[in-house]
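Heads up, the thing below is written out as structure tokens.
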Amino acid sequence: MNCEECGKKPATVHITKIENGKKTDTHLCEQCSAFLNIVVPKNNIVINTSFSVNDLLAGLLNSGGMLPIKVGFVQDVKCDICGLTFSKFRETGRFGCSSCYKTFGERLNPLLKKVHGNITHTGKVPNKAGGRIKTVRVIERLKHELELAVKSEEYEKAAQLRDKIKELSGSGRGDA
């Protein structure tokens, strides 16, 4: 059997792909499989090395239902600096410049929440310093909640939060 790509050399790489319940077989020579970025290691499992994070983001952005359009959003917002539109970003998964983060920021929150589980970066905490760092983060969160409680005139809740912050700060673990 000859290569399906070049039709000249014998096919030595045989790929079976099942996508949406449909099975397709592809037969390639070594040169054509290398050209198509298909690597066949010794265990004969085919790996497509053309995958990129940009492809992943573009796929998530275009998967439907991933990024709901909020009422009042103009569908095709454009970056003032590089001119990239949101629809073009959805196709490519790549920003044009650093200003795109600010321009498309609110539209990206559902994607970030889906991928990372949160829209703010929390990072990992080392085991040795974990207690102190966790306490500092709890105090920061409580201060934010206190601010919101005061703004919404929930003074009883604000007093409880204030006391909890004092308790954590006074224990010596929350001092930064």
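Only the coordinates and a few stated rules stand behind these numbers; no lab work does. From a predicted model like this one, the values you see are computed outputs, not experimental measurements. Cβ sites come from the backbone with ideal geometry, for glycine too, and all protein chains shown count toward neighbours.
Brief remarks follow.
- Ranked list, fewest to most other Cβ atoms within 10 Å of each Cβ, for Ile18, Ile165, Ile133: Ile18, Ile133, Ile165
- Label-point gap, in nm, between Thr120 and Arg94 - each point 7 angstrom along Cα→Cβ: 3.3
- In this structure, Lys151 and Lys23 have a Cβ-Cβ separation that, at R0 = 35 Å, corresponds to a calculated FRET efficiency of about 0.05.
- Gyration tensor (alpha-carbon) shape descriptor, the stretch 130-170, a/c threshold 1.5: oblate
- A full extension of the chain between Glu106 and Arg137 corresponds to an added length of 8.8 nm, given 0.36 nm per residue minus the alpha carbon distance.
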